[in-house]
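Chemist: Have a look at this one.
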Amino acid sequence: MTATELTQSLKAEANRLGFAQAGICPAVSPAGFARLSEWIDRGFAGEMAYFERRRAAYEHPSSVLAEVRSIVMLITPYLSVAPQPTSISQGRVSRYAWSGIDYHDVIHDRMKELGKFLQSHQPSARFRTVIDTAPLMERDFAVLAGLGWHGKNTLLLDKSLGSCFFLSALLTDLILDYDEPFEADHCGTCTACLDACPTNAFVQPGVLDATRCISYLTIEHRTPIPLELREPMGNWIFGCDVCQDICPWNNKPSPTLDASFQPAPELNPLNLLELFFLTEEQFRIRFRATPLWRPRRRGILRNAAIVLGNQRDASALDALCTGLQDSEPIVRGACAWALGRIECTEASAALKTQLAIELDSDVQLEIEWSLGETSRN
C-alpha cells in the first residue's frame, strides 16, 4: 500500500470510528512554541506548573514519540442540545462535561482502534495517541493539518463545526500524505468572545490569562478563588462556555448524534445543595469517571459555595452551614464567604459559632470578612 492509499484509508477509518474531521501534517517544531514560552514566562499558566516542567518537551513532537514523522489530527464534536435555564441552587457545567463520561476514555478507545488499523496495514509502524495528556501543541498542528484557524478566544475554529469539539492526535513514524495548512482567519473584526468574558481574561486577541479564566478557576486552580473574581463567576460550577456560546461560528453546526456526548439531565444543570451532604466515597462513586473528578470534591464544593453565594438565596443555608464545618479549609472558606452574602441572622450566627473554633487562618479571615458583610446588610 502506498503512502497515498494508506492516508486515504486511515482517514476513512477515522470517519467510521466517529471522528468528524481528520487532517495530517508533518511532525515539525510547532510555530507557536515561542508564544507558549512567553505565555508561561508572563505567569498566565497560574498553578498549572506542568507547563513549566514540560516546557522544553513542547518544542518538538519527538518528545512524545521518538522518530515521529507524521501527526494525524482528529476532531470529535460534542455540541448537543442548548443549555437548560439555571434556577436557584443550580450551577452550570461546561457542555463538554454534560455526558457524565470522561471524554478521554471514549476518544482513547477510538484512537487505539485507529492505531490498530494503521498497524494492520503497516505492522512495523509505531504510533502513540494523545488527548490533551502529553506535551503536544494540538491546536498548532491542527492548523498545520488544515483543520481550522486560531480564534481570538485561543480555541481552534472550523467553519462547519465551530469550536465545540475535542482535538486529539495520533503520532506515527510513518510518512503519510500531508494536508495543506489552514492559512485564512475567519474571525475578521468580530470581538464578541473577548467582550463577553465575565472576568476579562483575554489580555489581547489570542492571548488568555488563565488565572482570570473561569474554566481555569473552577478546574485547575487549587486554592481559594480570588475575591474579585468570585462574583463574575456567576453560576459556573465547572468550566465556562461564555466565549463559545457567543461565537457566531457556533451557531452553524448541527448537534452531534454521538451517544457518548449526549447530556445527562443531572448535569445540565447541576443541583448544588445535595453535593454538601455527599461523603468523600459517595462523591467518588458519582463523579470518579467524569470530568468533574479533576478538581476533586474540595474543588467542586468550593465552586458550588461561590455560586450559591452569588445567588444569595436563603434556601442554601443548610448546605452552606454543613460546608462551613467541612474537613477541607478551602470548602469552609468558600462557604463562609457565601454565608456572608445571604442576609439573615442564621448565617451570622453560624459564622460566629465557627469563628470561635476555627483554626485555619485563611478561613478565619473569610469569616471575619463575611461577618462584616452581614453586619452591613
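Chemist: Going through Ser62, Ser29 one at a time, which residue ends up being under 23 Å from Glu180 (Cα atoms), modelled with pLDDT of 95 or more and in contact with an Asp or Glu (Cβ under 7 Å, 6 or more places away or on another chain)?
Modeler: Just one listed residue meets the conditions, Ser29.
Chemist: I want to confirm something. Restricting to the stretch 27-65 and keeping residues that are free of Cβ contacts under 8 Å to residues at least 60 places away in the same chain and of a type in the set (Phe, Trp, Tyr), which single residue is surrounded by the fewest Cβ atoms within 10 Å (Cβ to Cβ)?
Modeler: Checking each candidate, the answer is Tyr50.
Chemist: Taking Val68 as meeting all but one of (1) surrounded by 20 or more Cβ atoms within 10 Å (Cβ to Cβ); (2) not in a loop (DSSP other than H, G, I, E, B), write down the number of the exception.
Modeler: Just one mismatch for Val68, condition (2).
Chemist: Output the residues belonging to the stretch 237-269 that are under 28 Å from Cys335 (Cα atoms), crowded, with 16+ Cβ neighbours inside 10 Å and among the aliphatic types (A, V, I, L, M).
Modeler: Ile237, Val242, Leu267
Chemist: Can I ask one more? In the stretch 308-330, is there at least one residue being among the hydrophobic types (A, V, I, L, M, F, W, C) and within 23 Å of the chain's Cα centre (by Cα)?
Modeler: Yes, there is a match, as at least one residue in the stretch 308-330 is among the hydrophobic types (A, V, I, L, M, F, W, C) and within 23 Å of the chain's Cα centre (by Cα).
Chemist: For Arg126, are the conditions met, namely being out of contact with any Cys (no Cβ under 6 Å at 6 or more places or on another chain) and crowded, with 19+ Cβ neighbours inside 10 Å?
Modeler: no
Chemist: Please go through the stretch 330-351 and pick out each residue that is surrounded by fewer than 19 Cβ atoms within 10 Å (Cβ to Cβ) and either of a type outside the set (S, T, N, Q) or closer than 18 Å to Glu228 by Cα (or both).
Modeler: Answer for the stretch 330-351, where residues must be surrounded by fewer than 19 Cβ atoms within 10 Å (Cβ to Cβ) and either of a type outside the set (S, T, N, Q) or closer than 18 Å to Glu228 by Cα (or both): Glu343, Cys344, Glu346, Ala349.
Chemist: Right, here's the next one. Limited to the stretch 320-359, what total is found for residues that are within 18 Å of Val307 (Cα to Cα) and of a type in the set (Ser, Thr, Tyr)?
Modeler: 1
Chemist: Another one. Considering the stretch 214-232 alone, what residues qualify as being closer than 20 Å to Trp293 by Cβ and either of a type in the set (A, V, I, L, M, F, W, C) or open to solvent by less than 40 Å² (accessible area, probe 1.4 Å) (or both)?
Modeler: Result: Ile214, Ser215, Tyr216, Leu217, Thr218, Ile219, Glu220, His221, Ile225.
Chemist: Let me ask something additional. Going through the stretch 144-169 one residue at a time, which ones are surrounded by fewer than 24 Cβ atoms within 10 Å (Cβ to Cβ), farther than 13 Å from Lys252 by Cβ and of a type in the set (A, V, I, L, M, F, W, C)?
Modeler: Within the stretch 144-169, Trp149, Leu155, Leu156, Phe166, Leu167 meet the criteria.
Chemist: Hey, Thr76 hits all of (1) over 17 Å from the mean Cα position of the chain (by Cα); (2) under 28 Å from Trp236 (Cβ atoms) but one; which does it fall short on?
Modeler: Status for Thr76: all satisfied but (1).
Chemist: Looking for whichever is open to solvent by 20 Å² or more (accessible area, probe 1.4 Å) and either outside any helix (DSSP H, G or I) or at pLDDT below 95 (or both) here; the options are Gln364, Gln325. Which one fits?
Modeler: None of the other options fit; the residue is Gln325.
Chemist: Continuing with this model, one more query. Quick one: in the stretch 186-204, which of the residues that are exposed (fewer than 12 other Cβ atoms within 10 Å of the Cβ) and over 21 Å from the mean Cα position of the chain (by Cα) is nearest to Glu5 (Cα to Cα)?
Modeler: Filtering the stretch 186-204 for residues that are exposed (fewer than 12 other Cβ atoms within 10 Å of the Cβ) and over 21 Å from the mean Cα position of the chain (by Cα), the one nearest to Glu5 (Cα to Cα) comes out as Gly188.
The values are calculated or read from the model by the stated rules, or taken from the named source; none is laboratory data. Just so it is clear, the model here is predicted, and its values are computed rather than measured. Backbone-built Cβ (ideal geometry, glycine too); neighbour counts: all protein chains shown. For the accessible areas, the whole protein counts, side chains as well, though only heavy atoms, and no ligand, DNA or RNA atoms are used. Shrake-Rupley method; radii C 1.70, N 1.55, O 1.52, S 1.80 Å.
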